[in-house]
Amino acid sequence: MAEDVFAKLRQQMIEEIVTEAALTVGHTGRATFSDRVMRVIGSMPRHEFVPVELQPYAYLNRPLPIGYEKTVSQPFIVALMTDLLAPDAGDVVLEVGAGAGYQAAILAELARRVYTVDIIEELAQGAERRLKRLGYENVEVGVVNGYYGWPEHAPYDRIMVTAASDLIPPPLLAQLKPGGRMVIPTGIPDKQSLTLVEKSATGSLSAREILPVRFSELEEPGETAGIA
């Protein structure tokens, strides 16, 4: 498909995100998302992050399969999570759940450095190739169980988790800087909520449920596994 066709479809996608933001304001408290976030999402070539046969559908406001029973998230949810995370230009960000690399690319436009991990090696390798091809030199991809974060590069100003956990993983809380934010889906499979976690300058934690969501589950350790 020609780039001008994609540009038109991206604009329609942005209009749908704006509409859905207005419809969900009762949950999120956000009638609109920041211009900075919307500008990046409005220019990001989502069709580069889906299988070629799905490229005509890349700008629908819905999740799309990327293999290994995973999806690239719905654009509205990507916009909401990014807006809640509120990354600054100087921030170092951890993303848990690289998938195809779409969210990492968006974060890379908004932050200084992005570390993104996926437990599925093939997805991580695909995301790394895609991000390099698109010119993102401030992203590093790791094949890691994201439950444990990526301690070598911690602490992080922001952490985004794109897989759901019953409870917020303690290693991620430990790797979040004082003054930092984390956005993570939490809860059992049929009762998940997008949750905003904030760590104060003194290290105290607060969590607020934002919106009911449905994500694939984060690979959690067995009962005998230690915390890294």
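The values are calculated or read from the model by the stated rules, or taken from the named source; none is laboratory data. Keep in mind the model is a prediction, meaning the values are calculated, not measured. We place every Cβ from the backbone using ideal geometry, glycine too, and count neighbours over all the protein chains shown.
Looking only at residues in the range 41-64 that are β-branched (Val, Ile, Thr) and crowded, with 19+ Cβ neighbours inside 10 Å, the one that is nearest to residue 12 (Cα to Cα) is 41.
Tell me which residues, restricted to the range 27-37, are of a type outside the set (Val, Ile, Thr), assigned to a helix (DSSP H, G or I) and closer than 14 Å to residue 194 by Cβ. Talk me through it step by step, then tell me what you get.
First, the residues of the range 27-37 that are of a type outside the set (Val, Ile, Thr): 27, 29-31, 33-36.
Those left that are additionally assigned to a helix (DSSP H, G or I): 27, 35-36.
The one that is of a type outside the set (Val, Ile, Thr), assigned to a helix (DSSP H, G or I) and closer than 14 Å to residue 194 by Cβ: 27.
Of all residue pairs spaced 6 or more apart or on separate chains, those with beta-carbon atoms under 7 Å, a first member in the range 39-52 that is farther than 12 Å from residue 134 by Cα and a second member that is basic (Lys, Arg) are 42/10.
Looking across the range 149-171 at every residue that is out of contact with any Leu (no Cβ under 8 Å at 6 or more places or on another chain) and part of a helix (DSSP H, G or I), the one that is farthest from residue 107 (Cα to Cα) is identified as 170.
Count of the range 143-163 residues, restricted to those that are surrounded by fewer than 23 Cβ atoms within 10 Å (Cβ to Cβ) and within 15 Å of the chain's Cα centre (by Cα), is 3. For the range 209-228, give me each residue that is more than 15 Å from residue 119 (Cα to Cα) and at pLDDT 85 or above. Those that are more than 15 Å from residue 119 (Cα to Cα) and at pLDDT 85 or above: 209, 210, 211, 212, 213, 214, 215. Taking first residues from the range 118-132 that are farther than 22 Å from residue 149 by Cβ and free of Cβ contacts under 8 Å to residues at least 60 places away in the same chain and partners that are surrounded by 21 or more Cβ atoms within 10 Å (Cβ to Cβ) and of a type outside the set (Lys, Arg), no Cβ contact under 7 Å between residues at least 6 apart in sequence or on separate chains turns up.
Residues in the range 108-123 include at least one that is in contact with a Leu (Cβ under 8 Å, 6 or more places away or on another chain) and in a helix (DSSP H, G or I). Given the conditions (1) surrounded by 12 or more Cβ atoms within 10 Å (Cβ to Cβ); (2) among the small types (Gly, Ala, Ser); (3) modelled with pLDDT of 95 or more, which single one is not true for residue 67? All conditions pass for residue 67, except number (3).
Looking only at strands (runs of 3 or more DSSP E) that fall completely inside the range 174-217, which ones have 3 or more residues that are without any contact (Cβ under 8 Å) to a residue 40 or more places away in the chain and exposed (fewer than 14 other Cβ atoms within 10 Å of the Cβ)?
Numbers: elements: 176-186, 192-199, 205-213.
Qualifying strands (runs of 3 or more DSSP E): 205-213.
Within the range 85-104, residues that are in a strand (DSSP E or B) sit with their Cβ atoms under 7 Å from residues that are of a type in the set (Phe, Trp, Tyr) and buried (at least 24 other Cβ atoms within 10 Å of the Cβ), at 6+ positions apart or across chains, in these pairs: 92/156; 93/156; 94/115; 94/156.
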